[in-house]
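Here the structure is laid out as structure tokens; the discussion comes afterwards.
The values are calculated or read from the model by the stated rules, or taken from the named source; none is laboratory data. It should be emphasised that the depicted structure is a prediction, and the values quoted were computed from it without experimental measurement. Neighbour counts are summed over all protein chains in view; Cβ atoms, including those assigned to glycine, are modelled from backbone coordinates with ideal geometry. These area figures cover heavy atoms from the full protein model, side chains too; ligands, DNA and RNA do not enter into them. Shrake-Rupley method; radii C 1.70, N 1.55, O 1.52, S 1.80 Å.
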Amino acid sequence: METNERLDIARRIVEHTGSSLFLTGKAGTGKTTFLRNLRNSTRKRIVVAAPTGIAAINAGGVTLHSFFQLDFGPFIPGMKRNKEMHHRFNKEKIRMIRGMDLLVIDEISMVRADVLDAVDDVLRRYRDRSLPFGGVQLLLIGDLQQLPPVVTEAEREILASSYASPYFFDSHALQQIDYETVELDRVYRQNDMEFLGLLNAIRENRADTAVLARLNSRCDREFDPDDGEGFIRLTTHNYQAVRFNSERMEALRTQPVIYRAEVTGNFPESSYPVDYDLVLKEGAQVMFVKNDTETPRRFYNGMIGHVTELTDTSVTVRPVGSEMDIEVQPMEWKNVRLVINESTREIDEKEDGAFRQFPLKAAWAITIHKSQGLTFDRAIINASASFAHGQAYVALSRCRNLAGLVLNAPLSQSAIICDATVSSFMRNHSGKPDESHVDMLGKEYSLSSLLQLFNFQPLDAALAGTVRILQENFSRLYPSIVGECVDFASSIKGPVSEVGVRFARQCREIAASAGDLSDERLQKRIKDAANYFIGQLNRFDEILEKMPQSHDNRRVELKLRDRLELLSDQLRLKRRLLEVFAEEDFTKDRYLDLKASVLLDNGLYKSPRKKTQAAAKSEYSRDNVNPGLYDALVKWRDAKSLEIGKPAYTVLNNRSLLAVSNYVPRTIDDLLSLPGFGRVTVQKYGAEVLGEIENFLRENGDNVKPMQISPNHKKLKKLHE
């Protein structure tokens, strides 16, 4: 594999550029090996995901739906998500999304276009809203000529209104990026050149009469080999495989032994790699479903053998064609969840659950779908009833050579189903980038990293979103503060975002003339600019201290908190990057490592509910004439809510308390003039509120400045409401 030029090109694109990559190729060309090697060697922070639980377990990753918390129904761009299915992301998940460099999606051929757009929606929400997939690099691995995405008729009708096809490449977000395609062409599974030619003809929809005739020369309807020969049957439908395995197992005269799996933690039943209750008999034909971890390797995923002995703690299997028995012990599959390693600032995999069982399954027959990724020396195939694109190709390509393949029904032209949409896409996305193109991508990546350092648009967007929420929900309570926030957002845009755009343009021009980012003049300009922007960003501190953060409406408060988290994180990231490059020379690697470290750091925005009393006062001090009285009333209100066992806002909301502290009512009639004080509320709490006011005035009367209550009660109340 080390000398495979296309694999090397793919590795360089992933490791040394920011370009997304679609890595494809025939069955057995090393796609799985590439992913395994990448996980062990990359310095990028990666998340590996797959469309199904089994695929995720095999790839050592997570499912797309679980990581991105996606609905299971179709995703239509522009439509709001199902509120019942929309869960808030926890802090760690947000940190991972913002800190990852590379998203790997294995078995991409099975991912629907709308699912990829749903992933884009999440990434934009928590990264950069202006960029497809939030600016994260994608590695999409899979073969479109194999199994397609599963789409029900109801889903197909819904998706047809928004998508040209259900395939991932028709994702709206993916069509907005210039991704590279590398098609692997060196087959490691087969070395039978005639057989490879036949497989290519099937794959490329070129199976003429001669191709079918040669394949059908391997057809033998009556072929029924002894179990000792180690043939496995590949079926199109699951019921066929289950029935055949059951019949063969029941025909054995030996006693069955049931091995029960051990499941710990969280391991979904849908992801079980083998039966929970594994039923075996001596003489049963079995298949290994996991690679041996010992050296030298005794068995591999897909190896066929026969059970020779069963004990309480072990199963002995003799592989087909071998005279040596293998004593097999239970093995473990892990269901992982992604976590952040606080010491290394890396995205690590943490075991969330485990499934422990013998790595075996009864294997006189298996479905074509479940055979994907496996290799067989001998197989009996019935693909005449193929009903999906690529199904016949998957079945045939499981075999190492033509001599090990037997058809038990002739293969007709109608069984070779090739989707014209896929064929058209692959004609336009085949081949590989050349060396010079990859070098250019590497240089562009370095330059784009520098330009991102001075791209303040995400910070500007986070500030604008925060201010918009303040305007919509806090203007009545805190008009002066909200007005100041609006003025600040307007005044900071020029010195930061607009200057950043102009400076980035200068950087591009200098880099183009110098040919390298290490140019001394460019590095000096970077340091000077970093110092300038640090000074500008310091202006955010005062306005953040003044921003109101709590609200009676829980939904509004959560929405504001999300915006404030994003704003605070963007500010913290930019500051840290600028502080470093105000002193150090800029390099792409240093920038990327530092950026990931900051984003994965556990120093995210803290909940406003944990603020000190002094900090809380700043929320209303500009618009509250008597903040001390307000504090006393809030304390009374919170104690009352605990006493009666109801939420605080059902006693009196913030607007009502603010009116009381500003106008300092002394009578029941005064209270009735204020927002939130109807007859029922006054009857319940009026005496206690007035009592709190009297108590406060006795101790702090000199510092209280009541606003005048208008005699026109209706007019005043309408004004407040």
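Below, the figures for the structure above:
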| item | result |
| --- | --- |
| Alpha-carbon centroid distance for the pair segment 193-222 / segment 132-152, whole angstrom | 29 |
| Sparse-neighbour loop sites [GluC sites (Glu not before Pro); segment 317-359; at most 16 other C-beta within 10 Å; DSSP] | Glu323, Glu342 |
| Label zone at Asp178, where the point sits 7 Å out along the Cα-to-Cβ direction: segment 443-467 residues whose backbone N lies under 16 Å | 443-449 |
| Cα-based helix-to-principal-axis angle, 193-203 vs the chain, degrees rounded to 10 | 50 |
| Residue-wise HN-Hα coupling along segment 280-289, computed from phi with Karplus coefficients 6.51, -1.76, 1.60 (Hz; x: Gly, Pro) | 10, 9, 4, x, 5, 7, 10, 10, 6, 10 |
| With DNA, RNA and ligands ignored, accessible area of Val634 (1.4 Å probe; Å², nearest 10) | 30 |
| Rounded accessible area of Ser423 (nearest 10 Å², 1.4 Å probe) | 30 |
| Segments 220-228, 303-311 sorted - mean Cβ within 10 Å per residue, highest first | 303-311, 220-228 |
| Between segment 653-687 and segment 286-355, the alpha-carbon center distance in angstrom | 71 |
| For peptides 11-19, 203-211, sequence by mean Cβ density within 10 Å, most packed first | 11-19, 203-211 |
| Accessible-area composition of the chain, carbon plus sulfur, in percent [1.4 Å probe] | 48 |
| Calculated P(r) of segment 107-156 - Cα pairs past 19 Å, % | 38 |
| Normalised contact order of the chain, rounded percent, pairs of Cα under 8 Å and 6 or more residues apart | 12 |
| Angle between the chain longest axis and helix 520-537 axis [Cα atoms, degrees, rounded to 10] | 50 |
| DSSP-assigned coil residues among chymotrypsin sites (Phe, Trp or Tyr not before Pro) in segment 332-405, each with at most 10 further Cβ atoms within 10 Å | Phe387 |
| Distance from segment 511-557 to segment 375-441 (C-alpha centre basis), Å | 51 |
| Degrees between helix 588-600 axis and first principal axis of the chain (Cα, 0 to 90, nearest 10) | 70 |
| Contour excess over end-to-end distance, with Cα ends at Asn401 and Glu262 and 0.36 nm allotted per residue | 46.2 nm |
| Rounded to 5, percent antiparallel among DSSP beta bridges of the chain | 55 |
| nm² value of the averaged projected area, convex hull over the Cα atoms of segment 330-423 | 10.2 |
| Segment 19-110, relative contact order [Cα under 8 Å, separation at least 6], % | 34 |
| Point-charge dipole on Cβ atoms (K/R +1, D/E -1) for the chain, about Cα centre, debye to 20 | 2540 |
| Lys/Arg +1, Asp/Glu -1 at C-beta; segment 256-391 dipole; positive extreme among Val328, Gly283, Ser314 | Gly283 |
| R0 of 30 Å, Cβ-Cβ distance Asp325-Asp185: FRET efficiency to nearest 0.05 | 0.15 |
| For segment 252-308, fraction of C-alpha pairs farther apart than 13 Å, in % | 70 |
| Mean Cα-pair separation over length for segment 354-494, i.e. relative contact order, pairs under 8 Å, 6 or more apart, % | 17 |
| Estimated FRET transfer efficiency (Thr152, Lys524; beta-carbon r; R0 60 Å; 0.05) | 0.45 |
